[in-house]
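Just below is one structure, and these are the notes that go with it.
The values are calculated or read from the model by the stated rules, or taken from the named source; none is laboratory data. Not measured: the values here are computed from a predicted model. All Cβ positions, even for glycine, are placed from backbone atoms using ideal geometry, and neighbour counts span all protein chains on display. Side chains are part of the model used for accessible areas, which takes the heavy atoms of the whole protein and leaves out ligands, DNA and RNA. Shrake-Rupley method; radii C 1.70, N 1.55, O 1.52, S 1.80 Å.
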Amino acid sequence: VILLFFIAKRGASRIVWVASIALVFGGITIAAFAYPNGYGFDPFLHRATVSHIAEFGTITPKPLYYIGEYSLELIALFFTGLEIPAVNIWLLPILVAIILPTVVAIFAERNFENRKTKAVAMLGALFVPLGTFVSPTPQGLANLMFLAVIFLVFSKQGGKNAKETALLSLMAIAATLVHPLAGIPALCFLALRSIQSHFERNARRNIIIAVGAIAGSLLLPAIFVVLGGIQNIATRPLALLSLSPKTFFSTRFNAPLDLLVWLGENGWLWLLLLAIVGIVVARRRDIISRSTAVMPLVLLVSAALLALLGDFSYLISYEQGNYVSRILALALFATLPFAIIGLTEIVKRAFALPSKIVPFGI
């Protein structure tokens with residue numbers, strides 16, 4: 001990774017892109033190599049479902065929430081002749097390794113004019129939190145599609161012509177069929193972008209974007225109520241504490257391991273700080289629009305409403321906060337384009353310094 005920064009400094013964007021694919025693949029397949037029978041509890045359930053469909057042609061009740069991933073796995077199963085466990089374990093890591101660095105590369109190509117700056121921006125794929133992709137679940141695949149929509153729309157040209165809008169809409173619909181928790185925010189994001197594109201720059205457009213953002217914030221909690229995911233609505237102010245991510249600012253008297261935990265547990269904070277820098281830079285260069293900037297807030301409000309009003313006591317205790325934490329992860333994903341812009345600006349300024357020690361340290 002350190003070497004890649006210096007390769008990026010020379011503007012070798014193609015090398016950075018290919019190396020990013022290799023590094024992302026290496027990062028998310030550690031579990032697949034360490035646990036050859038599978039990693040995590042949920043994948044075994046999904047694998048059993050796909051196995052049943054492959055043998056009997058259908059399953060009852062219909063798993064409509066996950067049908068997108070099951071369809072992909074069944075297609076891969078019938079076309080390759082591989083065993084179901086192999087398809088289940090390796091499909092998501094391969095897709096993530098190819099798609100994630102590629103959409104980040106497209107984002108960099110569209111938003112930066114300088115060849116060296118583009119190459120540095122492509123390194124942003126290595127700063128995406130990869131934990132959600134380690135275990136092969138529908139949520140992980142839907143999160144990948146959500147990220148793809150975010151990065152492809154989050155640019156000067158994104159979604160401004162009919163063909164690209166159709167492709168992005170198809171991706172968002174696919175994400176919804178894989179897992180609605182990521183697909184519905186992707187559709188909401190496209191709707192806000194469409195409002196931004198089709199209305200003139202005036203007060204009316206700002207009002208419509210604000211109304212759309214409020215509606216988007218209420219959408220997920222409303223769907224939970226309609227579909228029975230929330231059975232009892234009651235105010236739980238203490239539940240808002242679950243919105244605070246993990247942090248680590250103490251010591252266990254082991255300097256190397258403390259440093260790793262300090263960097264890892266606080267990863268969301270570093271991304272947020274980079275995103276703040278990125279927002280300032282992007283506003284100056286007119287990269288961002290209100291519709292893209294408001295999406296993290298839409299998801300944050302959705303998570304807060306779900307935590308405040310949702311009763312998930314029918315779930316096992318350690319899973320009651322799962323839905324809220326997944327939406328918070330999506331909110332963090334929506335800030336990633338800003339974070340990459342901030343990272344690129346910091347690295348570019350560091351490389352401009354006369355001393356070589358500073359950029360190497362960064």
Between ALA34 and TRP90, what is the label-to-label distance in nm when each label sits 7 Å out along the Cα-to-Cβ direction? 2.1 nm
Relative contact order of the chain, please, whole-number percent, based on alpha carbon pairs below 8 angstrom and at least 6 residues apart. 18 percent
Note the count of lysine pairs whose C-alpha atoms are less than 18 angstrom apart in the chain, limited to pairs 8 or more residues apart or on different chains. 9
Note on the chain: alpha-carbon gyration tensor, axes a ≥ b ≥ c; rule is a/c under 1.5 for rounded, else prolate if a/b larger than b/c, else oblate; result rounded
Heavy-atom accessible area of MET145, protein chains in place, probe 1.4 angstrom, given in Å² to nearest 10, is 40 Å²
Estimated dipole of the chain in Debye, rounded to 20 [Cβ of Lys and Arg +1, of Asp and Glu -1, Cα centre]: 1640 debye
Along the dipole axis of the chain (charges at Cβ: +1 for Lys and Arg, -1 for Asp and Glu; origin at the Cα centre), the most positive-end residue among PRO221, ALA22, SER71 is ALA22
Pick from SER217, SER244, SER20: which is most flexible by mean-square fluctuation in a GNM of the chain where alpha carbon atoms under 10 Å apart are linked? SER244
Restricting to DSSP H runs of at least four residues, report the calculated mean residue ellipticity at 222 nm for the chain, -39500 (n - 2.57) per run over all residues, nearest 500 deg cm²/dmol. -23500 deg cm²/dmol
Taking the full set of protein chains and a 1.4 angstrom probe, give the accessible area of THR80 in square angstrom, rounded to the nearest 10. 80 Å²
More than 13 Å apart - percent of Cα-Cα pairs taken over segment 99-175: 67 percent
Ellipsoid equivalent to segment 57-159 - semi-axes via the Cα gyration tensor, in Å: 32, 14, 12
Pulled fully out, how much extra length does the chain show between PHE56 and ALA162, if you take 0.36 nm times their separation in residues and subtract their Cα-Cα distance? 34.1 nm
